[in-house]
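The values are calculated or read from the model by the stated rules, or taken from the named source; none is laboratory data. For clarity, every value in this text was computed on a predicted model and none was experimentally measured. We place every Cβ from the backbone using ideal geometry, glycine too, and count neighbours over all the protein chains shown. Surface areas here come from the heavy atoms of the whole protein model, side chains and all, with no ligands, DNA or RNA. Shrake-Rupley method; radii C 1.70, N 1.55, O 1.52, S 1.80 Å.
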Number of protein chains: 4
Amino acid sequence: LQAAPPTTFGLKTAGWLAAMQRSRKQLNNAFRKSLVVQFGGASGTVAALGRHGLQAGQALAEELKLAYPDGPWHAHRDRLAQLMCACGVVVGALGKIARDISLLTQNEVGEAAEGGAEGRGGSSTMPHKQNPVGCALTLAAASRVPALVSSFLSAMVQEHERGLGGWQAEWSTVSNVIQATGMAAASIADVAEGLTIDPSRMRLNIESTYGVVFAERVAMLLSPKLGREAAHKILAEATRRCREEKRRLRDVLAGMKEVTSHLDSSVLRDLEIPEQFLGVAGAFQDRLLASADPERDGPIREKE
Amino acid sequence: LQAAPPTTFGLKTAGWLAAMQRSRKQLNNAFRKSLVVQFGGASGTVAALGRHGLQAGQALAEELKLAYPDGPWHAHRDRLAQLMCACGVVVGALGKIARDISLLTQNEVGEAAEGGAEGRGGSSTMPHKQNPVGCALTLAAASRVPALVSSFLSAMVQEHERGLGGWQAEWSTVSNVIQATGMAAASIADVAEGLTIDPSRMRLNIESTYGVVFAERVAMLLSPKLGREAAHKILAEATRRCREEKRRLRDVLAGMKEVTSHLDSSVLRDLEIPEQFLGVAGAFQDRLLASADPERDGPIREKE
Amino acid sequence: LQAAPPTTFGLKTAGWLAAMQRSRKQLNNAFRKSLVVQFGGASGTVAALGRHGLQAGQALAEELKLAYPDGPWHAHRDRLAQLMCACGVVVGALGKIARDISLLTQNEVGEAAEGGAEGRGGSSTMPHKQNPVGCALTLAAASRVPALVSSFLSAMVQEHERGLGGWQAEWSTVSNVIQATGMAAASIADVAEGLTIDPSRMRLNIESTYGVVFAERVAMLLSPKLGREAAHKILAEATRRCREEKRRLRDVLAGMKEVTSHLDSSVLRDLEIPEQFLGVAGAFQDRLLASADPERDGPIREKE
Amino acid sequence: LQAAPPTTFGLKTAGWLAAMQRSRKQLNNAFRKSLVVQFGGASGTVAALGRHGLQAGQALAEELKLAYPDGPWHAHRDRLAQLMCACGVVVGALGKIARDISLLTQNEVGEAAEGGAEGRGGSSTMPHKQNPVGCALTLAAASRVPALVSSFLSAMVQEHERGLGGWQAEWSTVSNVIQATGMAAASIADVAEGLTIDPSRMRLNIESTYGVVFAERVAMLLSPKLGREAAHKILAEATRRCREEKRRLRDVLAGMKEVTSHLDSSVLRDLEIPEQFLGVAGAFQDRLLASADPERDGPIREKE
């Protein structure tokens, strides 16, 4: 059995949200910093305009509503590179959401479903089938963007005042990254709006583990009394029996003297109540939601 | 002929410095933000510690001199991803410096040379040879890091509260990126300290173009009088003759009536003086050096 | 519901095997072709040895049991690039196996389990937990190697007779790729040896879909009689009812006159028997196993 | 000084050609092997067609002039991966040619020039300028394709019988790789047709090193008489003087007794004749051209 103890769907989504907000803020910063005019003429000196290079460039920047940089940057691509990277991180954070949801929507898990917008995700031959197309599009973006970012970074090594090849390579890379990032964001927005959740199935999935996901809980209680190794050994034996005999952990443990002599009977009775083994999930959720609130200015977030 | 009009070595190095400082600041930010403890237990709820999850985590963070995050981030890798990306941009900016220097040190260019520290860069069979090892090491890093960054970004798509494979993939990626970034930084520092520059060779290389790199200058002066197309045609013809007859541009132009009837003789006399066709190179250099000054806080730079 | 009609575990594994064998054969070819000595001296002419360059190189090749190439290849890295690529494809094919198995071993699916070798994959705090470490290691390799391959390919653009940086970048790339490929192969071999399969769970998982995964089967039978659109509509309605009323498809369909008037009763009776809706899975499996047999020489396989 | 002893342009181009032919052959093989129909229905069993799955697939393959595979490959992408990789290697080999040519066409080197086809590569403001656009396009492709290959390899890890996201990610990757490969091949073909070579400049560039590129030659002759270390020391001293006093190596050496007492005067007289220090360049060139001949079937080449 691989399953770890339960968490809450609220903490899971708060984690998604916070990661997305952190990444989005970096993207906003990088985007703002990259809005800088490039105007340097053939060699970066604007020599063709004599002494008027700065004024001409500043006027152009104003016209285009771009910032005017301290120098030419035809062969210095770090601002755009930061933008590409920021897209890459956003898409990674969105891809993680899509991966989680796609795992939750598996038939055998069934804890979530992408809402089937009209005409979306249907199969041409299977009348019953609803494909998680929003997740698929997001995962496709998350599969493509990292390599595109690497392509941009590689191409930063440009020659002198005007690169040969590296600069030209950027054109399709930038448009592909921007498109894929937008596609991922729009797809996850669609998914989020239409997502349906099945809490009873969540509980059922926990129950179907015969309670062994709560073994850690018992081990923690027995360890101070029996020592960590002995406690582990007991639980390993108990969970083995659960699997083989298809019995619940609390019932197996109730028949083991080395357990019952150390634990209060109420502990075993309530052992498999998920709500009683959630640790600080609620506190984490609250903190994450607060940190993801665009209004708040917490200690970990950058100052603008 | 490919050469564009001249620039100054001062503007070139100021551009290197400014790009490096911009990238370094991002790296510092990303590094600071990534110093966050991860302490969530098996499922991110710290359930094994009951109600004490937050305090335990905060105490651990204090002990490790790390920040305490709003929630578990075992499967949310955006902070580390930003760090990897920031390394990628720094290495790209350093790689650009190495590429430029390696081009300048080519035997046929000869405008710069990596200082041969004792026992460094010598050839085992060629007594005369001095290899630009600092540039080589930096370019090697710039060749490797982008793909490693992409590897990290790909691996962000991790499953649920604890990813399978993506997380393990990070270990070697992170150490390789950090090592390569440090190697690139140290190598460029070495190169910068030992770099020797040959200004007379720079002038010679400009002169060896027969002055055709100044054709744009004449075209700009003739265009208002003859129209842009006619001016271009004249210069195209003149530079063709320079190449074929191996004569200087000012001499060829001095024999073309359509030129001399519109330009003052002093223009042709001074045509090929590089110092007179540098546009605002000096102003750009000053601005870049000021922006790269760690003390200054200009409009394009982020606020910390 | 996302589930498609059933396939067999035999076809699945035969597909794994065949992809792995195809990739392995390419890897063997690429490896054999890359065993070529490089001996060209400083400029690729072996000038320091005068007229004896070929003989010296051939003797060296013999000594090292390498082939002797037609020319120097210090800056022509295509043979090694093919080897890196072949590793990349092998690791991709292995990663696909690991992904499939890791999905099958999810607690809620439970159709397969990685055999827990002694001391392998245990959790430090959860006595019941058995982590799929073999899959994790393989997926980690499959996450890392593609970018390393890209790094090698980028570095192929080497200067003249001896590249600056690109060549040095290869050293760590090659060793990382080879190590990761070996790790992936060894891990999947471990997984394959210890893999346990639960056929009853496979059947149970099919049954738990209420038979809707067989909707396509009925649609195919009704389409010739009612037209494709009408048939699809009926099945969409029927599968909706299955989900909402938690009834089996055959029972829902048995109550729909537009169905029973066109289908023999035996069809509905046997509708949900997986063995009757496997198409040519068996034939495909046989073909794949035959093609994966190292002794056989089929039409799609390369000749050696 | 970085320059190594001279090679010949014939050996250089023969090396380009051979690498390109080797890569092209792999590309042809990979392309041929990837022309395989995929026809497996929803789950890879063609269950919807009952027993007729194979015949239907075979008929479809015949219709499309594709091979019929041993099994479905919707989630087994190794054949396409080999194709993408083969494109990556071809583009790398072409990029190396473009890199070399772009270095040769630098103003300060001047040994080659891209032929300016009408309306190609001209600068909008600089009448004299001829940009190496063919090399730029090839280098741009060589900068983009490696990461796209990595994207395809990453996406090989597809789920079960039909992947979610990985498959969709391929669409744009494949078209981008094919387009970029075609662009690189077409661009290098253009470059090759229009390339002009300046042999006198090649000789001039060798001469401008003051003969120090031949230092290895003298070291090889002195070593048997004086020992390797002493010989190296003498040459290091002599080449230092060449640089500082701007004198030719043969003249400097002629004034060093420890040299003249061991070398015949004819050796110094002919020391700087490039044709006498080319080693087996001619033999390598012949071998490479023969191996690149599509008709020949040598030991290193694969058999088809």
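Find all pairs meeting these conditions: Cβ atoms under 9 angstrom apart; at least six residues apart or on different chains; first residue within the stretch C:167-184 and free of Cβ contacts under 8 Å to residues at least 12 places away in the same chain; second residue open to solvent by 10 Å² or more (accessible area, probe 1.4 Å) and among the basic types (Lys, Arg).
Partner pairs satisfying both residue conditions: C:Ser172/B:Arg144.
For the stretch A:128-151, give me each residue that is surrounded by fewer than 24 Cβ atoms within 10 Å (Cβ to Cβ) and basic (Lys, Arg).
A:Lys129
This table checks each residue for (1) in contact (Cβ under 8 Å) with a residue 40 or more places away in the chain; (2) within 22 Å of B:Ala47 (Cα to Cα).
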residue: A:Pro199; (1), (2): yes, yes
residue: A:Ile206; (1), (2): yes, yes
residue: A:Val218; (1), (2): yes, yes
residue: A:Lys225; (1), (2): no, yes
residue: A:Arg228; (1), (2): no, yes
residue: A:Lys246; (1), (2): no, no
residue: A:Leu253; (1), (2): no, yes
residue: A:Val259; (1), (2): yes, yes
residue: A:Ser265; (1), (2): no, yes
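Given the residues D:Ala142, D:Ala215, which is the only one that is closer than 30 Å to D:Ser102 by Cβ and within 9 Å of chain A (Cβ to nearest Cβ)?
D:Ala142
Scanning the stretch B:82-116 for residues that are acidic (Asp, Glu) and more than 9 Å from chain A (Cβ to nearest Cβ), which turns out most open to solvent (accessible area, probe 1.4 Å)?
B:Glu108
Can you tell me which residue among C:Leu204, C:Leu221 is farther than 26 Å from C:Val109 by Cα and part of a helix (DSSP H, G or I)?
None of the others qualify; the one that does is C:Leu221.
So, C:Arg162, is that one open to solvent by 50 Å² or more (accessible area, probe 1.4 Å), at the interface with chain B (Cβ under 10 Å from one of its Cβ atoms) and not hydrophobic (A, V, I, L, M, F, W, C) or not?
yes
Have a look at A:Lys65, A:Lys33, A:Lys25 and point out the one that is of a type in the set (Lys, Arg), open to solvent by less than 40 Å² (accessible area, probe 1.4 Å), out of contact with any Ser or Thr (no Cβ under 8 Å at 6 or more places or on another chain) and farther than 19 Å from B:Arg217 by Cβ.
Only one candidate passes the filter, namely A:Lys25.
For the stretch D:237-254, enumerate the residues that are within 14 Å of B:Pro127 (Cβ to Cβ) and surrounded by fewer than 17 Cβ atoms within 10 Å (Cβ to Cβ).
Across the stretch D:237-254, the qualifying residues are D:Glu237, D:Arg240, D:Arg243.
So B:Asp190 clears everything in (1) within 36 Å of the chain's Cα centre (by Cα); (2) open to solvent by less than 60 Å² (accessible area, probe 1.4 Å) except one condition, right? Which one?
Of everything listed in (1) within 36 Å of the chain's Cα centre (by Cα); (2) open to solvent by less than 60 Å² (accessible area, probe 1.4 Å), B:Asp190 misses just condition (2).
Restrict the check to the stretch A:225-235 and report whether at least one residue is within 14 Å of chain B (Cβ to nearest Cβ) and open to solvent by 60 Å² or more (accessible area, probe 1.4 Å).
Taking every residue of the stretch A:225-235 in turn, at least one turns out to be within 14 Å of chain B (Cβ to nearest Cβ) and open to solvent by 60 Å² or more (accessible area, probe 1.4 Å).
What is the one condition in (1) over 26 Å from D:Leu153 (Cα atoms); (2) among the hydrophobic types (A, V, I, L, M, F, W, C); (3) open to solvent by 20 Å² or more (accessible area, probe 1.4 Å) that C:Val46 does not satisfy?
(3)
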